[in-house]
1. Per-residue counts of other Cβ atoms within 10 Å, averaged by peptide: what ranking do you get for 106-113, 48-55, highest first?
2. If each of Ser83 and Leu98 carries a label point 7 Å out from its Cα toward its Cβ, how far apart are those two points in nm?
3. Counting Lys and Arg as +1 and Asp and Glu as -1, what is the net charge of the other residues whose Cβ lies under 13 Å from the Cβ of Tyr109?
4. Can you send over the solvent-accessible area of Val80, 1.4 Å probe, protein chains only, in Å² to the nearest 10?
5. Counting Lys +1, Arg +1, Asp -1, Glu -1, what net charge surrounds Lys65 among other residues with beta carbon under 10 Å of its beta carbon?
6. Could you order Arg91, Arg82 so the one with the most accessible surface comes first? Probe is 1.4 Å.
Amino acid sequence: MRIARIFGVCALTAAALMGTSLTAHAQSGGDDAQGGGLKYKIVQKDFPESPSGEEHTVLCPSGWKVFGGGVRVNSLDSVVLRSSYPAANGRGWVGAVLDAATPVDLTVYAICAKVKNG
């Protein structure tokens with residue numbers, strides 16, 4: 001579980017280092033000065049009153065691949081990160097937390113990339 005927590009934190013740290021904010025639902029950026037190279041978006045989805053342990057997925061737009069992501073707990077509950085990992089299809093991020101007492105409000109983030117050809 002510690003590895004999943006560290007992985008999610010590392011992915012969100014990478015987003016911060018790229019100069020992005022995780023407050024918009026789909027935020028774009030990352031083009032190099034020549035207009036080619038890497039293009040990325042941060043996509044998020046809120047899951048209010050999520051039952052303990054239930055996994056939720058946020059998907060990248062069609063034609064984009066996930067290269068990071070994470071989970072944020074939006075309520076004041078003490079929780080344990082259950083899962084934070086890339087979806088098997090490579091197009092999204094999966095996240096869940098454990099809290100035996102009550103449902104938890106959480107947000108799952110996916111950092112999506114598209115490489116331009118040429």
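The values are calculated or read from the model by the stated rules, or taken from the named source; none is laboratory data. Just so it is clear, the structure is predicted and the values come from calculations on it, not from any experiment. Neighbour counts run over all protein chains shown; Cβ positions are idealised from the backbone, glycine included. Keep in mind that these areas ignore ligands, DNA and RNA; they rest on the heavy atoms of the full protein, side chains included. Shrake-Rupley method; radii C 1.70, N 1.55, O 1.52, S 1.80 Å.
1. 106-113, 48-55
2. The answer from the label model is 1.4 nm.
3. +2
4. Result for Val80: roughly 70 Å² accessible.
5. +2
6. Arg82, Arg91
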